[in-house]
Amino acid sequence: MPISRRNLMKGTAALALAGPALPQARAMGRLAVGEGELIIVSDGHMTLPLEFLFPDLPEAELKALLAANGMPTDGYSPDCNVTFLRAGDRLAVFDVGAGPNFTPTTGRLFDNMGEAGIDPAEVTDVIFTHAHPDHLWGLFDDFDELVFPNAAYRMAEAEWDFWRAEDTLDKMPEERKSFVVGAQNRLPRIEESIRLFKPGAEVIPGVEAVNTAGHTPGHVSFMVHGGAEPVLVAGDAVTNLASFAQPELRAGSDQEPELAAATRAKLLERLAVEKARLIGYHLPHPGAGTVERKDGAYRFVAA
């Protein structure tokens with residue numbers, strides 16, 4: 001067997017599954033859903049300018065909002081939480097992290113899977129919320145090998161079409177052109193195994209695609225059904241604690257800010273009414289909790 005990072009990873013995973021239990025500090029999130037289990041593994045964190053959060057707010061107002069919602073006011077370093085679903089004979093992953101070529105503080109997923117006892121060769125399905133770098137670029141490792149070589153890949157048709165379109169690069173603002181280049185370099189390499197779907201579809205048994213467009217044109221979240229309390233894997237439909245208190249605010253990370261804000265408000269209301277649990281990709285690790293109404297808006301209650 002040739003020596004590759006993938007093969008080394010398989011050995012690490014085998015050690016994690018056999019012998020004395022290893023500490024699982026970076027696989028803290030474990031939620032039961034019906035007879036399945038959701039496992040949340042860290043891909044690290046990003047470091048962004050504070051004004052990136054809500055660019056329309058003056059600095060003093062922004063800092064007051066962040067402080068009121070338990071967020072730091074001296075910088076913005078959102079976590080990156082990748083969710084796996086073990087159910088029956090399937091092991092699915094929602095998004096794949098940033099990989100080795102995005103930022104120095106991301107790309108930790110591959111190593112942390114070993115600590116979680118997850119062998120990437122066992123993953124049957126890779127399911128994308130959207131194709132931003134921190135969710136897509138982890139398709140390949142630093143040896144340019146597919147991290148999940150035996151998986152089927154699944155993406156919303158609108159998202160796939162947007163990033164593959166010839167005019168997307170020209171239309172994208174300068175600061176995001178690298179997003180397009182990165183997507184267009186990677187997506188063709190999984191074209192033969194991609195399975196496209198529309199919102200409302202059951203992408204794998206028990207997993208419903210929910211339309212949460214706005215962050216990107218084809219962004220979707222996924223409701224994992226089973227048991228009395230379903231779980232929404234939200235991707236970037238809601239990315240920080242202050243957005244629960246003021247979901248109408250335009251966020252700097254959203255490609256279509258007005259649509260994203262309307263989507264966010266509708267989604268939070270659904271979660272509050274249905275008592276569904278939530279996993280947010282950029283909420284404080286492990287990003288799992290519930291949504292409650294508060295003062296005419298909402299608040300996040302960590303699990």
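Filter the stretch 89-101 for residues that are touching a residue at least 40 places away in the same chain (Cβ under 8 Å) and in a loop (DSSP other than H, G, I, E, B); which is nearest to V233 (Cα to Cα)?
Looking at the filtered set, the residue picked out is D95.
For the stretch 108-120, state whether one or more residues are more than 27 Å from A151 (Cα to Cα) and surrounded by 19 or more Cβ atoms within 10 Å (Cβ to Cβ).
First pass over the stretch 108-120, keeping only residues more than 27 Å from A151 (Cα to Cα): none.
No, the stretch 108-120 contains no residue that is more than 27 Å from A151 (Cα to Cα) and surrounded by 19 or more Cβ atoms within 10 Å (Cβ to Cβ).
Could you check the stretch 62-107 and list, in sequence order, the residues that are of a type in the set (D, E) and surrounded by 13 or more Cβ atoms within 10 Å (Cβ to Cβ)?
D79, D95
Of the numbered conditions (1) within 23 Å of G34 (Cβ to Cβ); (2) at pLDDT 95 or above, G138 fails exactly one; give the number of that condition.
(1)
Using the structure shown, decide if P257 is without any contact (Cβ under 8 Å) to a residue 60 or more places away in the chain, surrounded by fewer than 21 Cβ atoms within 10 Å (Cβ to Cβ) and closer than 23 Å to P49 by Cβ. Reasoning before the result, please.
Values: without any contact (Cβ under 8 Å) to a residue 60 or more places away in the chain: yes; surrounded by fewer than 21 Cβ atoms within 10 Å (Cβ to Cβ): yes; closer than 23 Å to P49 by Cβ: yes.
Taking the combined requirement at face value, the residue satisfies it.
Does H225 satisfy being farther than 18 Å from L65 by Cα, under 14 Å from the mean Cα position of the chain (by Cα) and in contact (Cβ under 8 Å) with a residue 12 or more places away in the chain?
Values: farther than 18 Å from L65 by Cα: yes; under 14 Å from the mean Cα position of the chain (by Cα): no; in contact (Cβ under 8 Å) with a residue 12 or more places away in the chain: yes.
Criteria not met by H225.
What strands (runs of 3 or more DSSP E), lying completely within the stretch 1-88, carry at least 2 residues that are modelled with pLDDT of 95 or more and under 30 Å from D125 (Cβ atoms)?
Numbers: elements: 29-33, 36-45, 79-87.
In the stretch 1-88, 36-45, 79-87 are the strands (runs of 3 or more DSSP E) which contain 2 or more residues that are modelled with pLDDT of 95 or more and under 30 Å from D125 (Cβ atoms).
Name the strands (runs of 3 or more DSSP E) wholly inside the stretch 219-303 in which the number of residues that are modelled with pLDDT of 95 or more and of a type in the set (D, E) is 1 or more.
Working: elements: 220-224, 231-233, 277-279, 288-294, 297-302.
In the stretch 219-303, the matching strands (runs of 3 or more DSSP E) lie at 288-294.
Only one of G218, G206 is at positive phi and under 19 Å from the mean Cα position of the chain (by Cα); which?
Working: G218 fails: at positive phi.
None of the others qualify; the one that does is G206.
Can you name every residue in the stretch 31-79 that is among the charged types (D, E, K, R) and touching a residue at least 24 places away in the same chain (Cβ under 8 Å)?
Kept after step one, since they are among the charged types (D, E, K, R), are these residues of the stretch 31-79: 35, 37, 43, 51, 56, 59, 61, 63, 74, 79.
Result: E35, E37, D43, E51, D56, D74, D79.
The values are calculated or read from the model by the stated rules, or taken from the named source; none is laboratory data. Being a predicted model, the structure only gives us computed values, none of them experimental. Ideal geometry is used to build each Cβ from the backbone, glycine not excepted, and the neighbour counts take in all protein chains shown.
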